[in-house]
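Encoded as structure tokens, the structure appears first; notes follow it.
The values are calculated or read from the model by the stated rules, or taken from the named source; none is laboratory data. Remember, it's a predicted structure, so these values are computed and weren't measured experimentally. As a convention, Cβ positions derive from the backbone with ideal geometry for all residues, glycine included, and neighbour counts pool all protein chains shown. Quick note on the areas: whole protein, heavy atoms, side chains included, nothing else; ligands and nucleic acids left out. Shrake-Rupley method; radii C 1.70, N 1.55, O 1.52, S 1.80 Å.
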Amino acid sequence: MANKTHIHAQWSSRLAFMMAAVGSSVGLGNVWKFPYMTGESGGGAFVLIYMVSIALIGLPILMSEWLLGRLGQKNPITTMSTIAGRLKRSQAWALIGVGGILAAYLILSFYSVIGGWALAYIKYSVTGTFSGLDGDGVSSLFGNLLGSPGRLLAWHSLFMVLTIGVVAGGVSGGLERAAKLLMPALAVLLVVLVGYAATTGSFADGLAYLFRPDFSQLTGDVWLAALGHAFFTLSLGMGIMMAYGSYLSDDVNIGRTALTVVILDTVIALAAGMAIFPVVFANQLDPAAGPGLVFQTLPLAFGGMSGGILFGSLFFILLVFAALTSAISLLEPIVEWLEEQSPLSRLQATLVAGAATWLLGIATVLSFNDWSGFQPFGMSILDLLDYLTSKLMLPLTGLATILFVGWVMGRDEVRAQLNMSPTAFAVWRFTARFVSPIGVAIVFIFGLIN
Ligand code: TRP
């Protein structure tokens with residue numbers, strides 16, 4: 001191992017690597033998607049299944065992606081085909097990488113539209129739009145934004161331009177260094193918001209909603225939603241973590257680093273929930289309001305607290321920042337793939353991939369207004385894209401990844417990568433071979449026939 005030749009530079013330190021991983025995982029998934037899915041799924045039972053999925057399925061798959069990346073030292077497609085080739089296994093394993101590129105494209109197309117909402121909300125907070133608004137006021141503010149395809153398109157375009165700019169400018173490294181400061185700042189602001197939520201008089205209701213499971217709410221679809229969100233929030237099943245793993249130096253402890261990332265990601269999501277649901281109940285709002293939930297609750301908090309303009313502006317700026325560090329991790333693999341498959345330069349590949357994603361995003365933009373009657377399979381375009389990616393593609397590629405590490409790779413090779421105590425490794429391997437794949441399979445079958 002000592003004289004392994006690296007094809008590229010490695011992360012300067014464990015911290016730099018962690019910031020990149022946290023930057024990818026912490027994003028709109030935590031602050032926007034987790035609360036609204038919790039609300040749509042009836043609260044605590046969803047949260048419980050989500051946390052169990054994170055621990056038993058998300059964590060082992062995150063570790064698997066990193067160890068594969070570190071072994072393969074290339075992009076996910078080449079990595080899978082090299083390792084499978086060395087083990088004399090089918091090249092079909094490289095499909096994990098291919099599926100990931102497609103999923104990244106679909107996810108980024110709507111991610112950018114929601115990132116655009118967050119940009120619009122920076123403007124609203126800076127200009128003091130929230131002060132004095134009541135529940136109806138925030139709803140109509142949000143409704144007006146959704147009802148205007150022109151404005152949505154402009155914000156979506158701005159978000160996409162920012163993402164393209166970062167990827168094309170090759171400044172992702174700088175962005176990750178900035179993340180060292182800004183991610184903790186986002187966490188601090190969430191704590192401030194939880195503090196505000198504690199003053200609304202409905203804090204206990206909010207906490208009970210999040211943490212007291214009502215198992216009558218547990219349908220197959222809720223299981224599948226919780227599982228899918230575990231993949232989404234940790235950026236799994238898409239090869240992006242595998243790509244990051246290729247930069248991981250041999251002395252970094254994969255298990256400990258993965259556990260840290262998983263805990264940070266989960267704590268941020270739970271804090272967002274604890275900030276939002278008390279405000280929902282204090283204002284008699286609907287927890288199942290859907291994708292607009294964060295944008296219809298936090299402005300009430302900012303409008304009601306002292307220093308709300310400052311806190312609100314800071315919050316949405318930091319949210320956009322967190323969304324950008326995730327969005328670049330979605331665009332990057334598409335760009336790398338395109339660069340490899342075509343004669344395009346890096347800049348051209350970034351522009352083409354960015355433009356193609358922007359174009360698909362217009363479908364999401366229009367789904368809130370001009371095309372709102374168009375409901376393929378009874379779902380909105382946002383829900384359909386989410387279904388295809390979070391509930392189908394990510395769990396399937398994730399399942400393939402964990403099966404590969406658990407059953408195809410040799411025990412000793414995996415063990416050398418993970419460098420755990422014998423007992424910890426035994427537990428890990430049992431989870432990777434049985435618990436995770438069976439868990440994914442059951443939830444999958446259960447959710448799809450539902
Ligand atoms: N995890 C990010 C979030 O929670 C979104 C994201 C970034 C993602 N890269 C990904 C999701 C790869 C799935 C796969 O906002």
Query raised in the report: Just wondering, is there one or more residues in the stretch 409-423 that are modelled with pLDDT under 90, in contact with a Leu (Cβ under 9 Å, 6 or more places away or on another chain) and not aliphatic (A, V, I, L, M)?
Result: no
Query - Qualifying position, being away from the ligand (no atom under 13 Å from the Cβ), in contact (Cβ under 8 Å) with a residue 60 or more places away in the chain and under 19 Å from residue 263 (Cβ atoms), among 61, 57 - result: 57
Query raised in the report: Does the stretch 284-302 contain any residue that is closer than 12 Å to residue 205 by Cα, out of contact with any strand residue (DSSP E or B) (no Cβ under 6 Å at 6 or more places or on another chain) and surrounded by fewer than 20 Cβ atoms within 10 Å (Cβ to Cβ)?
Result: yes
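So, residue 170, is that one outside any helix (DSSP H, G or I) and out of contact with any Asp or Glu (no Cβ under 9 Å at 6 or more places or on another chain) or not?
Numbers: outside any helix (DSSP H, G or I): yes; out of contact with any Asp or Glu (no Cβ under 9 Å at 6 or more places or on another chain): yes.
The answer is yes for residue 170.
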Query raised in the report: Given the structure, is residue 345 crowded, with 22+ Cβ neighbours inside 10 Å and either within 23 Å of the chain's Cα centre (by Cα) or closer than 22 Å to residue 165 by Cα (or both)?
Result: no
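Conditions tested, residue by residue: (1) crowded, with 24+ Cβ neighbours inside 10 Å; (2) among the β-branched types (Val, Ile, Thr); (3) at pLDDT below 90.
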position: 16; (1), (2), (3): no, no, yes
position: 21; (1), (2), (3): yes, no, no
position: 25; (1), (2), (3): yes, no, no
position: 35; (1), (2), (3): yes, no, no
position: 45; (1), (2), (3): no, no, no
position: 52; (1), (2), (3): no, yes, no
position: 78; (1), (2), (3): no, yes, yes
position: 87; (1), (2), (3): no, no, no
Requested in this report: Residues being of a type outside the set (Gly, Ala, Ser), open to solvent by less than 10 Å² (accessible area, probe 1.4 Å) and away from the ligand (no atom under 14 Å from the Cβ): count how many of those fall in the stretch 207-254.
Outcome: 4
Report task. Identify all residues within the stretch 306-330 that are touching a residue at least 40 places away in the same chain (Cβ under 8 Å), aliphatic (A, V, I, L, M) and open to solvent by 30 Å² or more (accessible area, probe 1.4 Å); write none if there are none. Result -> 309, 314, 317
Requested in this report: Name every residue in the stretch 98-118 that is more than 13 Å from the ligand (Cβ to nearest atom) and buried (at least 19 other Cβ atoms within 10 Å of the Cβ), in order of residue number.
Outcome: 113, 116, 117
Query raised in the report: What is the number of the single condition among (1) closer than 27 Å to residue 444 by Cβ; (2) within 16 Å of the ligand (Cβ to nearest atom) that residue 187 does not meet?
Result: (1)
Query - Close pairs from the stretch 389-401: first closer than 25 Å to residue 83 by Cβ, partner open to solvent by less than 20 Å² (accessible area, probe 1.4 Å) and of a type in the set (D, E, K, R), Cβ under 9 Å, at least 6 apart - result: 398/65; 401/65
Report summary line: Of the residues in the stretch 147-163, those that are open to solvent by less than 30 Å² (accessible area, probe 1.4 Å) and hydrophobic (A, V, I, L, M, F, W, C) number 3
Query raised in the report: Which residue pairs have Cβ atoms closer than 9 Å, lie 6 or more positions apart in sequence or on different chains, and pair a first residue in the stretch 27-40 that is outside any helix (DSSP H, G or I) with a second residue that is more than 8 Å from the ligand (Cβ to nearest atom)?
Result: 27/115; 27/319; 27/324; 27/325
**Report entry** Boolean, residue 87 is touching a helix residue (DSSP H, G or I) at 6+ places or on another chain (Cβ under 7 Å) and more than 20 Å from residue 23 (Cα to Cα)
**Finding:** yes
Query raised in the report: Restricting the search to the stretch 183-199, which residues are open to solvent by 40 Å² or more (accessible area, probe 1.4 Å) and touching a Phe, Trp or Tyr at 6+ places or on another chain (Cβ under 8 Å)?
Result: 192
Query raised in the report: Taking the stretch 21-54 only, how many residues are away from the ligand (no atom under 11 Å from the Cβ) and farther than 20 Å from residue 436 by Cα?
Result: 10
**Report entry** Condition check for residue 272: buried (at least 16 other Cβ atoms within 10 Å of the Cβ) and within 15 Å of the ligand (Cβ to nearest atom)
**Finding:** yes
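With a cut-off of at least 3 residues that are closer than 15 Å to residue 65 by Cα and among the aliphatic types (A, V, I, L, M), name the helices (runs of 4 or more DSSP H) lying wholly within the stretch 195-308.
Because the criterion is at least 3 residues that are closer than 15 Å to residue 65 by Cα and among the aliphatic types (A, V, I, L, M), the helices (runs of 4 or more DSSP H) in the stretch 195-308 that meet it are 240-245, 254-282.
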